[in-house]
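Everything below concerns the one structure shown next.
The values are calculated or read from the model by the stated rules, or taken from the named source; none is laboratory data. All values derive from a computational prediction rather than experimental measurement. Methodologically, a virtual Cβ is constructed for each residue, glycine included, from the backbone with ideal geometry; neighbour enumeration extends over all protein chains shown.
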Amino acid sequence: MIAEMDDLLRQYLAWIKDTTTLREVDEWVEITTPHLDRHNDFIQIYVKRQDEGYLLSDAGYILGDLEMSGCSLKSPKRKALLNMTLNGFGVRLNNGALEVSASKGNFPLKKHSLIQAMLSVNDLFYLASPTVASIFYEDVVAWLDSHDVRYTPKVKFAGTSGLDHCFDFVIPRSKEQPERILQTITHPARDTAQTLVFSWIDTRKVRAPDSQAYAILNDSERHVSGEVIGAFKNYGISPVLFSQINAVTEELST
């Protein structure tokens with residue numbers, strides 16, 4: 001099983017390298033990644049030299065796109081949620097742009113952190129339009145609190161690849177249950193599933209052998225495909241439709 005996971009990691013990293021393109025734009029280098037945003041467009045970041053290192057930025061794309069789509073992040077609650085998400089990846093907000101500074105030595109890690117922050121913010125507020133009463137992450141928090149589930153939010157783990165991965169909730173081990181790692185997915189799709197699968201494959205060997213991962217899937221607005229559910233099951237992640245989350249109450253709360 002370990003050899004199989006190592007091979008999958010190598011395949012994933014090779015895919016990232018082979019499907020990434022570069023283009024010079026004035027003083028910046030535009031990096032087009034194979035990761036997809038909510039419009040199924042490739043995520044792009046921009047890099048330029050800064051002092052003895054590099055500045056990496058999304059050029060304001062993620063928050064600008066959300067604002068254009070009617071998702072305002074001006075309320076104190078949403079600002080706090082945004083800041084908590086960015087802090088989990090070590091990414092800062094600067095005049096609407098998501099940014100991170102890097103040195104030559106930690107450039108891959110910082111690039112990974114920025115992309116993961118962009119994907120997380122994009123997914124976090126995907127359905128946060130004026131017609132939606134609450135953000136899905138907040139719905140999951142409310143459910144956990146109402147069922148007295150003990151958890152730590154926004155926990156970062158280092159994977160075997162050397163990359164960091166931020167998970168929404170970690171429920172500590174108890175006498176009855178092992179450590180449980182939960183990730184909310186507002187927009188369950190192939191690429192959001194792929195991102196979580198890689199994060200789990202990369203971190204599971206550094207966690208307790210019996211640690212369990214759960215994908216909490218928002219099915220309030222659309223049907224979650226069998227392909228997405230099957231992908232999670234194939235890699236040892238338990239998919240949980242939010243409409244059926246009460247079925248796992250006992251295993252998460254004990």
field: Candidate set: the stretch 62-100, residues that are farther than 26 Å from Asp139 by Cβ and under 20 Å from the mean Cα position of the chain (by Cα); chosen: the one surrounded by the most Cβ atoms within 10 Å (Cβ to Cβ)
entry: Val100
Hey, Ser113 more than 27 Å from Glu221 (Cα to Cα) and buried (at least 19 other Cβ atoms within 10 Å of the Cβ) or not: yes
query: Condition test on Ile216, is it touching a strand residue (DSSP E or B) at 6+ places or on another chain (Cβ under 6 Å), within 18 Å of Val141 (Cβ to Cβ) and assigned by TED's automatic domain parsing to the domain that holds Ser161?
result: yes
message: Just to be sure before I move on: is Val140 in the same structural domain as Ile171 (by TED's automatic domain parsing), touching a helix residue (DSSP H, G or I) at 6+ places or on another chain (Cβ under 8 Å) and not polar (S, T, N, Q) in the structure I sent?
response: yes
message: Looking only at the stretch 209-232, how many residues end up being surrounded by 11 or more Cβ atoms within 10 Å (Cβ to Cβ), closer than 18 Å to Phe167 by Cα and not aliphatic (A, V, I, L, M)?
response: 5
- prompt: Are there any helices (runs of 4 or more DSSP H) wholly within the stretch 1-93 with 3 or more residues that are under 12 Å from Met118 (Cβ atoms) and in contact (Cβ under 8 Å) with a residue 60 or more places away in the chain, and if so which?
  reply: none
